[in-house]
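Read through the structure below, which is laid out as structure tokens, and then see the notes.
The values are calculated or read from the model by the stated rules, or taken from the named source; none is laboratory data. Fair warning: this is a prediction, and the values are worked out from it, not measured in the lab. Glycine also receives a Cβ, built like all others from the backbone with ideal geometry; neighbour counts cover every protein chain displayed. Quick note on the areas: whole protein, heavy atoms, side chains included, nothing else; ligands and nucleic acids left out. Shrake-Rupley method; radii C 1.70, N 1.55, O 1.52, S 1.80 Å.
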Amino acid sequence: MDSGENEYRIARFRERLARDDTAELGVRVEARGEAVLLTGTVPTAGEREEILRLAETELAGLPVRADLTVACIDPPERPEELM
């Protein structure tokens, strides 16, 4: 595959992440040589897995490296003490 086609596929993947069904704007998608790097923070482990599944489908044949962090959104176990 040529780099122009790869750039097109990466741009299409970015658009897919931004659509209403996924609506994930906290993930950056960058071409790094022949590989694609996904970075950012997602709200749940399930969403991380969904993004990786979409990347596998949309970017088939390209090596994908993922550095996606799952945000901890659990409520605190105890009240914060202010001094």
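The residues of the stretch 1-51 that are open to solvent by 50 Å² or more (accessible area, probe 1.4 Å), part of a strand (DSSP E or B) and more than 24 Å from Ala71 (Cα to Cα) amount to a single one, Arg32. Within the stretch 52-71, take every residue that is more than 27 Å from Glu5 (Cα to Cα) and among the aliphatic types (A, V, I, L, M) and give me the one that is least open to solvent (accessible area, probe 1.4 Å). Once the filter is applied, the top-ranked residue is Ala71. A single member of Leu25, Leu82 is farther than 30 Å from Asp2 by Cβ and free of Cβ contacts under 8 Å to residues at least 40 places away in the same chain, and it is Leu82. Residue count for the stretch 48-60 under the criterion of being in contact (Cβ under 8 Å) with a residue 24 or more places away in the chain and under 14 Å from Tyr8 (Cα atoms): the result is 3. For the stretch 15-27, filtering for residues that are at pLDDT 85 or above and under 19 Å from Cys72 (Cα atoms) leaves 1. For Glu30, the criteria (1) acidic (Asp, Glu); (2) closer than 20 Å to Asp2 by Cα; (3) at pLDDT below 90 hold in every case but one, which is (3).
Scan the stretch 49-56 and give yes if some residue there is modelled with pLDDT under 90, more than 9 Å from the chain's Cα centre (by Cα) and among the charged types (D, E, K, R), otherwise no. Checked against the condition, which is being modelled with pLDDT under 90, more than 9 Å from the chain's Cα centre (by Cα) and among the charged types (D, E, K, R), the stretch 49-56 yields no hits at all.
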